[in-house]
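The values are calculated or read from the model by the stated rules, or taken from the named source; none is laboratory data. No experiment lies behind these values; they were computed from the predicted model shown. For neighbour counting, all protein chains shown are included, and Cβ atoms are generated from backbone atoms with ideal geometry for every residue, glycine included.
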Amino acid sequence: MIDIALKEISKDFGGEKILNTFNLELKTGERIGLIGRNGCGKSTVLNMVTEKLPYDTGELSVRKNLKISYLKQSPTYQSDFTVKMVIQSAFSRLSGMATMIKQLEREMSEPDCINLEKLLEEHGELSSKFEVEGGYEITDKTDRICQGLKIDHSVLNRLFKTLSGGEKTTVELARVLLQNPDILLLDEPLLDFKGTILSVSHDRYFINQIANEVIELESGQLTHYIGNYDSYKQ
């Protein structure tokens, strides 16, 4: 099954053509290592897939309801964000639902509530949806991921900006994994992830471990090689 398809994509920056009518299909379960020299447009491809950067010409198709997460090389957040706040931002949708549930409960508890039946119905539907989407499992999921990535509880209240580069990447990885994505876009090496991967990396050992296809980006064009980095070099 094709998850993402880029057809005849072109992109210019300041009059310089970075991507030139290239085609890329990312199928379910594929693990692709995207390689090429610095500045050739690898991160540009990732940003277009997440629709954070527009393309000039061509067509981008993404399978309906596909959940994509992008692990950036240098994540940034507001200066007052703690590690815990960064990790919990993975549950922003569920947090919004929890806030709405509490608001409905406050309204239903009012002595002069005149729409009790309607509010009860809304509360029931929202609570059911919250449970189905894992709202009551947030703490367990967070503890499990933090334990797996060796993020100590003593770190959670530290300001994110005070962490080292490696620590920031680990915390960002926790946030991304808690989103339970179908596709993981990586701007640097990672990990034991069971879904589809599109990774940008200069680390040949990492590509050997995770990739079943290597795509080289050069002069705005893509060349496909079946196998890992060693297969590509042959």
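The single condition among (1) under 12 Å from ILE87 (Cα atoms); (2) out of contact with any Lys or Arg (no Cβ under 6 Å at 6 or more places or on another chain) that LEU156 does not satisfy is (2). Inside the stretch 1-29, residues that are free of Cβ contacts under 8 Å to residues at least 12 places away in the same chain and of a type in the set (D, E, K, R) make up a count of 1. When the stretch 10-29 is filtered for residues that are closer than 21 Å to ASP182 by Cβ, in contact with a Ser or Thr (Cβ under 8 Å, 6 or more places away or on another chain) and at pLDDT 85 or above, the ones remaining, listed by number, are LEU26, LYS27, THR28. Within the stretch 203-228, being part of a loop (DSSP other than H, G, I, E, B) and either among the hydroxyl-bearing types (Ser, Thr, Tyr) or at pLDDT below 65 (or both) holds for ASP203, SER219. If you check GLN78, GLN88 for being surrounded by 13 or more Cβ atoms within 10 Å (Cβ to Cβ) and under 21 Å from VAL176 (Cβ atoms), only one passes: GLN88. Out of all the residues in the stretch 101-124, which are surrounded by 14 or more Cβ atoms within 10 Å (Cβ to Cβ) and either touching a residue at least 24 places away in the same chain (Cβ under 8 Å) or of a type in the set (S, T, N, Q) (or both)? Correct list: ILE101 only. For the stretch 61-73, the criterion of being without any contact (Cβ under 8 Å) to a residue 60 or more places away in the chain, part of a loop (DSSP other than H, G, I, E, B) and of a type outside the set (Phe, Trp, Tyr) is met by at least one residue. Looking at the stretch 175-196, can you tell me whether even one residue there is assigned to a loop (DSSP other than H, G, I, E, B), among the acidic types (Asp, Glu) and over 30 Å from GLY36 (Cα atoms)? No, that holds for no residue.
Out of curiosity, is ILE4 among the β-branched types (Val, Ile, Thr) and under 15 Å from ASP182 (Cα atoms)? So ILE4 fits the description; yes. Contact map, the stretch 131-159: residues that are surrounded by fewer than 16 Cβ atoms within 10 Å (Cβ to Cβ) paired with residues that are among the charged types (D, E, K, R), Cβ distance under 8 Å, separation 6+ or inter-chain. Pairs shown: GLU133/ARG93; GLY134/LYS141; ASN157/LYS84; LEU159/ASP80.
Scan the stretch 43-75 for residues that are surrounded by fewer than 17 Cβ atoms within 10 Å (Cβ to Cβ) and under 18 Å from LEU186 (Cβ atoms) and jot them down. Even if it seems obvious, please write down each step before you answer.
Residues of the stretch 43-75 that are surrounded by fewer than 17 Cβ atoms within 10 Å (Cβ to Cβ), as a first pass: 50-54, 56-61, 63-67, 73-74.
THR50, GLU51, LYS52, LEU53, LEU66, LYS67, GLN73, SER74, listed by residue number.
When the residues of the stretch 36-56 are narrowed to those that are touching a helix residue (DSSP H, G or I) at 6+ places or on another chain (Cβ under 8 Å) and without any contact (Cβ under 8 Å) to a residue 60 or more places away in the chain, which ends up nearest to ILE9 (Cα to Cα)? Residue satisfying both the conditions and the ranking: TYR55.
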